[in-house]
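Heads up, the thing below is written out as structure tokens.
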Amino acid sequence: MARECMRLVLLLIFHLGLTYGSRRANLLMRHADMVVNPTAPELSGLCESVVTPHGYPCKEYKVTTGDGYILSLHNIPSGRLEKGIEEGKRQPVLLQHGVLMDGMTWLLDNPDESLGYILADSGFDVWIANTRGTQYSLNHQYLDPKKKAYWAWSWDELVEHELPAIVGFVHSQTGQKIHYVGHSLGTLVALASFSEGRLVNMLKSAALLCPIAYLSHMTTPIGQVAAKVFIGEIMSSLLGIPEFNPKEPVVADILTGLCKQSGFNCYDLFTSFTGKNCCLNSSTVELFLKFEPQPTSTKNMVHLAQTVRNGVLTKFDYGPAMNMLHYAQFNPPVYNLSHIPNDLPLFLSYGGQDALSDAYDVQLLLDCLKFHDVDKLLIHFVEDFAHADFVMGVTAKTIVYNAIIAFLNRH
């Protein structure tokens, strides 16, 4: 296996070496055009482009993190038809998306099938986060997203700076404790935060869809190979690509080369990453392809790959020497999930067809929660669902969302 991985590394380096120079030149020219072209259209916000056309009120706030990133936070304070709950008295719910996605995750289906709208129509005050580097959260106090320094973060920084800023802002604005709902990476940053005692004093509960803490048993072929051949490290260190954006030609070439050299059929990259989703309709997929995927940092992808390879949830591993500088120890500190407060109400929902949040890895997570208060831990398993079904599936309302709302109302 080691010899096969090395062969793939060498073939990929050769493949990328042939294409990267010309791709990089084209990208630099396009960036230059963006700078000198004053008539380039501005990107409409999530409220304007998606939410208000459906008849929902929507507000946009800017939240600055401790490390200077300026994030867009969208608020749907009520539903289309009021149900007798005054604005300001509704229970706040924060929705946190996964990697390569943004707040649009929760609004991709029609209002009767999208969790963001369903929660608003069910009497909740809905807040939708957008992680740094995505289309609505590209700004920084002094860093330029076209520069390498802007992308020098992994999900450690989301735990340390981003989630506390967002949760703290919603808590301050509403004066209430918050329900948290996360999907994929949105569950990982929450679990890591809870294990360090962060946020729990501002939360009422947490509902985690496709919970990710361990990734060693994920079944996505392209994800496994990318982690094992250190593709993120090749991009970051060898090719100097700090931003992982699947829409950019350079990254698209890397994924194409990975598929070709590994022998996998990646015609449907979406399924290659998520597993075989059962319940997506064509209009939802078209809307997804219009808005997603979103960029993340290459360092973030490297950190996730470390979790795949090492089978342990730790802070970013810089190598022994640099770890000493960052952590004053040779190995990166471990996020001990057994330290999650036993009385924090948790709802965990996962699928039998999920290639990323594999059922075996979820069981490893549940083993860490074996001493959790029985009445504060609800496990919800959906045999037919894969990774995207939980946020885009046309049957998600009846199978998952109704259970989430019942859980939130109990707590």
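The values are calculated or read from the model by the stated rules, or taken from the named source; none is laboratory data. This is a predicted model, so every value here is computed, not measured. Using ideal geometry, Cβ is built from the backbone for each residue, glycine included, and neighbour counts are taken over all protein chains shown. To get the accessible areas, we keep the full protein, side chains included, count just its heavy atoms, and leave off ligands, DNA and RNA. Shrake-Rupley method; radii C 1.70, N 1.55, O 1.52, S 1.80 Å.
Going residue by residue through the stretch 133-149, is there one that turns out to be assigned to a helix (DSSP H, G or I), open to solvent by 10 Å² or more (accessible area, probe 1.4 Å) and either modelled with pLDDT of 95 or more or of a type outside the set (Val, Ile, Thr) (or both)? Talk me through it step by step, then tell me what you get.
Of the stretch 133-149, the ones assigned to a helix (DSSP H, G or I) are 148-149.
Then keep just the ones that are open to solvent by 10 Å² or more (accessible area, probe 1.4 Å); that gives 148-149.
Checking the rest, the ones that are also either modelled with pLDDT of 95 or more or of a type outside the set (Val, Ile, Thr) (or both) come to 148-149.
Within the stretch 133-149, one or more residues are assigned to a helix (DSSP H, G or I), open to solvent by 10 Å² or more (accessible area, probe 1.4 Å) and either modelled with pLDDT of 95 or more or of a type outside the set (Val, Ile, Thr) (or both).
So, in the stretch 307-316, of the ones that are in a helix (DSSP H, G or I) and not basic (Lys, Arg), which residue ends up least open to solvent (accessible area, probe 1.4 Å)? Taking the candidates together, the pick is 307.
Could you say whether any residue in the stretch 317-331 is small (Gly, Ala, Ser), assigned to a loop (DSSP other than H, G, I, E, B), open to solvent by less than 40 Å² (accessible area, probe 1.4 Å) and farther than 24 Å from residue 98 by Cβ?
Of the residues in the stretch 317-331, the ones small (Gly, Ala, Ser) are 319, 321, 328.
Within this subset, residues satisfying the condition of being assigned to a loop (DSSP other than H, G, I, E, B) are 319, 328.
The next check asks that each one be open to solvent by less than 40 Å² (accessible area, probe 1.4 Å); those that pass are 319.
Right, trim to farther than 24 Å from residue 98 by Cβ and you get 319.
Yes, that holds for at least one residue.
When the stretch 69-106 is filtered for residues that are modelled with pLDDT under 90 and closer than 15 Å to residue 296 by Cα, only 100 remains.
Quick grid of which residues meet (1) under 24 Å from residue 310 (Cα atoms); (2) surrounded by 20 or more Cβ atoms within 10 Å (Cβ to Cβ):
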| site | (1), (2) |
| --- | --- |
| 164 | no, no |
| 174 | no, no |
| 179 | no, yes |
| 186 | yes, yes |
| 192 | yes, yes |
| 199 | no, yes |
| 203 | no, yes |
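Residue count for the stretch 380-409 satisfying the condition of being in contact (Cβ under 8 Å) with a residue 60 or more places away in the chain, open to solvent by 10 Å² or more (accessible area, probe 1.4 Å) and assigned to a helix (DSSP H, G or I): 2.
Residues in the stretch 150-162 that are in contact with a His (Cβ under 8 Å, 6 or more places away or on another chain), open to solvent by less than 10 Å² (accessible area, probe 1.4 Å) and not polar (S, T, N, Q): 150, 155.
Residues of the stretch 332-367 being among the β-branched types (Val, Ile, Thr) and open to solvent by 60 Å² or more (accessible area, probe 1.4 Å), which ones?
First, the residues of the stretch 332-367 that are among the β-branched types (Val, Ile, Thr): 334, 340, 362.
Listed by number, the list holds a single entry, 334.
None of 249, 341, 242 is under 30 Å from residue 136 (Cβ atoms) and modelled with pLDDT of 80 or more except 242.
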